[in-house]
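The values are calculated or read from the model by the stated rules, or taken from the named source; none is laboratory data. What you see is a predicted model; the values in this text were computed from it and never measured. As a convention, Cβ positions derive from the backbone with ideal geometry for all residues, glycine included, and neighbour counts pool all protein chains shown.
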Amino acid sequence: MAKQQPKVTLNPSRDIPLDRLYLSQSNVRRIKSGETISELAQDIARRGLLQGLNVRPILDSAGEATGDYEVPAGGRRWEALQLLVKQKRLAKDVPIPCIVKAHDCGILAEDDSFAENARREALHPLDQFRGMQSLVEKGGGASRTSQRTSSSPRPWCASG
């Protein structure tokens with residue numbers, strides 16, 4: 001008889017005020033390349049946030065949750081949101097959709113950061129062409145974001 005696979009449990013999601021979120025030192029992206037934070041902020045201002053942030057609770061010295069969260073995956077989106085706050089285009093306490101992982105989940109924050117950055121798959125060039133064609137046909141035009149090559153990072157997946 002085949003051994004039954006364990007059930008998958010997904011992490012809960014919730015809205016957390018932006019001013020309770022802090023960039024994690026566990027984020028593996030250190031070198032900024034491609035789209036700038038200001039371009040990503042413009043895209044978020046235009047479309048909204050298309051992907052939430054991956055967060056973990058920050059604990060005090062006694063091991064208790066402080067109500068603040070670190071962002072190990074989604075750092076570029078966090079930086080773009082901070083820029084929108086600085087530009088007074090977004091409230092500093094706006095609720096941000098977040099996937100919340102327990103501090104003791106058994107997976108390193110660096111592992112999540114690396115997976116979010118390394119496991120992306122670029123659009124196939126034909127899919128990219130068809131998507132652009134559909135935008136043009138429907139009168140949506142082609143934004144700077146959608147004109148990228150298939151090997152360029154996509155803002156809705158950017159995390160570092």
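The conditions of being touching a Lys or Arg at 6+ places or on another chain (Cβ under 7 Å), outside any helix (DSSP H, G or I) and either within 21 Å of D112 (Cα to Cα) or not assigned by TED's automatic domain parsing to the domain that holds D111 (or both) are met by R56.
Considering only region 119-160, state which residues are at pLDDT 50 or above and within 30 Å of L23 (Cβ to Cβ).
The initial filter retains those residues of region 119-160 that are at pLDDT 50 or above, namely 119-143.
Correct list: R119, R120, E121, A122, L123, S143.
How about region 1-25: which of its residues are part of a loop (DSSP other than H, G, I, E, B) and surrounded by 13 or more Cβ atoms within 10 Å (Cβ to Cβ)?
Residues of region 1-25 part of a loop (DSSP other than H, G, I, E, B): 1-12, 24-25.
Of everything in region 1-25, those that are part of a loop (DSSP other than H, G, I, E, B) and surrounded by 13 or more Cβ atoms within 10 Å (Cβ to Cβ) turn out to be N11, S24.
Residues considered: E110, E116. Of these, the only one that is modelled with pLDDT of 90 or more and assigned to a helix (DSSP H, G or I) is E110. When restricted to residues that are over 26 Å from D68 (Cβ atoms), in the same structural domain as R76 (by TED's automatic domain parsing) and among the hydrophobic types (A, V, I, L, M, F, W, C), region 4-46 contains 1. Annotation: I96 fulfils all but one of (1) part of a helix (DSSP H, G or I); (2) buried (at least 19 other Cβ atoms within 10 Å of the Cβ); (3) not charged (D, E, K, R); the unmet one is (1). For region 40-52, the criterion of being aliphatic (A, V, I, L, M) and assigned to a loop (DSSP other than H, G, I, E, B) is satisfied by at least one residue.
Within region 99-110, work out how many residues are out of contact with any Phe, Trp or Tyr (no Cβ under 9 Å at 6 or more places or on another chain) and surrounded by 15 or more Cβ atoms within 10 Å (Cβ to Cβ). Count: 4.
Being in a helix (DSSP H, G or I), in contact (Cβ under 8 Å) with a residue 12 or more places away in the chain, aliphatic (A, V, I, L, M) and over 27 Å from G140 (Cα atoms) holds for only one residue in V71, V85, V28, and it is V85.
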